[in-house]
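S.K.: Questions regarding the structure given below will be posed in turn.
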Amino acid sequence: MRFDWKQVLPALLLGCLLGFWTGAILGHRRAPRGPERMLDKFSRELRLEAGQRDSVKTVLETFRPRFDAQNERLLELRMDMNKEIAKLLDPEQQKRFQEMQARWEARHKRRQGAQ
């Protein structure tokens with residue numbers, strides 16, 4: 001039996017890519033995010049006992065709102081900085097700068113959605 005490699009190779013590559021992509025997505029969704037990921041890391045690397053794990057979880061949950069508030073402030077600062085940078089650019093550069101910002105926002109939203 002003789003294979004037509006012009007048909008087999010693209011199908012094989014497509015199958016490998018789809019399998020890799022699906023595995024990456026499913027694996028990514030299963031991974032804990034934020035405080036849970038930190039708690040898992042601390043538990044694993046520090047070999048926390050059950051009581052310690054509960055206490056560390058409480059500390060992480062207590063500090064979470066403060067980090068969230070800080071993130072909002074950083075977002076405001078970034079927006080103010082971008083406005084100042086845009087003032088320094090010519091119209092073509094401003095257009096490219098807006099495109100850069102749009103890509104950043106899309107990437108940020110994807111990451112937030114995955115959490």
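S.K.: Which condition breaks for Arg66 when tested against (1) within 26 Å of Gly113 (Cα to Cα); (2) modelled with pLDDT of 90 or more?
M.R.: Only one criterion in (1) within 26 Å of Gly113 (Cα to Cα); (2) modelled with pLDDT of 90 or more is unmet by Arg66, namely (2).
S.K.: With the checklist (1) within 30 Å of Phe42 (Cβ to Cβ); (2) surrounded by 10 or more Cβ atoms within 10 Å (Cβ to Cβ) in hand, flag the one item Gln112 doesn't pass.
M.R.: Here Gln112 clears every test but (2).
The values are calculated or read from the model by the stated rules, or taken from the named source; none is laboratory data. Treat the numbers as computed from the prediction; the structure is a model and nothing was measured. Every residue, glycine as well, gets a Cβ built from its backbone with ideal geometry; the counts of neighbours run over all protein chains shown.
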